Every structure is written in C-alpha cells, then in structure tokens.
Amino acid sequence: GGDDRLKGKVLATVFYEPSTRTSCSFQAAMLRLGGRVVHVTEQFSSAKKGETLSDTIRCLACYADGIVLRHPRLGSAAEAAAATSVPVINAGD
C-alpha cells in the first residue's frame with residue numbers, strides 16, 4: 001500500500017557501490033508514494049568514460065526531483081549536494 005504524495009516526481013538512485021537493501025528500500029519507498037525511479041550504477045554511467053561526480057549529478061538533476069547517492073569516497077555526498085539545487089540524500093560514503 002501507499003499513497004500518491006510523490007506522483008509525478010522522479011528519484012535518481014546513483015550507486016557506485018553494490019547495495020541490495022539500501023537500493024531497494026529507496027526504490028520501494030518512492031514507488032509506494034506514487035513516484036518513479038531512475039537507477040544508475042557505476043557500470044552504466046559516464047564515470048567509466050571519466051565524467052566527474054559533479055558533472056553526473058548536474059546532469060541527473062535535469063531529470064530528477066531528488067538524488068540518492070552511494071559512493072565509496074568520503075565527502076562525495078557533500079560534493080554532490082554542492083553541485084546541484086536538487087536534494088541529495090547520502091546513502092553511504
């Protein structure tokens with residue numbers, strides 16, 4: 001069950017590290033609240049071509065109303081938040 005308070009909203013989940021529970025919990029919560037999810041992993045991101053984290057976040061901010069980030073580098077969530085006005089949730093750094 002759930003409600004539609006996030007209907008029409010998109011959440012980008014950006015995971016540079018493997019995660020089952022954290023990833024699924026954010027996705028399930030968004031879906032239960034009527035929103036949609038765009039999921040990005042390092043394997044399928046432009047980071048493989050050298051794109052910086054800040055550039056990736058700025059790009060995703062054009063599509064998403066919020067961003068969940070899991071990244072192995074300490075301080076990466078703060079860097080991401082500084083690159084955009086879209087809310088960034090730290091899912092582990």
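The values are calculated or read from the model by the stated rules, or taken from the named source; none is laboratory data. The model shown is predicted, which means the values in this text are computed figures rather than measured ones. Virtual Cβ from ideal backbone geometry, glycine too; neighbours counted across all protein chains shown. Side chains are part of the model used for accessible areas, which takes the heavy atoms of the whole protein and leaves out ligands, DNA and RNA. Shrake-Rupley method; radii C 1.70, N 1.55, O 1.52, S 1.80 Å.
Can you pull the percent of Cα pairs in the chain with separation above 17 Å?
Tail of the P(r) past 17 Å holds 45 percent of the pairs.
Rounded to the nearest 20 Debye, what is the dipole magnitude of the chain about its Cα centre when Lys and Arg each give +1 and Asp and Glu each give -1 at the C-beta?
Roughly 200 debye, rounded to the nearest 20.
Find how much the distance from Ser54 to Ala78 grows on full extension, using 0.36 nm per residue of separation minus their present alpha carbon separation; answer in nm with one decimal.
Gain on stretching Ser54 to Ala78: 7.6 nm.
Sequence-distant or interchain residues sharing an amide H contact under 5 Å with Ile89, placed H: which?
Ile67, Val68, Leu69
Counting Lys and Arg as +1 and Asp and Glu as -1, what is the net charge of the other residues whose Cβ lies under 15 Å from the Cβ of Ala82?
-1
Applying a 10 Å radius around every beta-carbon, put 42-54, 13-25 in order of their mean neighbour count, most first.
Top to bottom by mean Cβ count within 10 Å: 13-25, 42-54.
Which value, in Å², gives the accessible area per residue of the range 31-93 when a 1.4 Å probe is used on the protein heavy atoms?
Accessible area per residue, the range 31-93: 59 Å².
Counting only the backbone N, which residues of the range 11-29 are under 16 Å from the spot 7 Å out from the Cα of Gln43 toward its beta-carbon?
Answer for the range 11-29: 14-21, 23-24.
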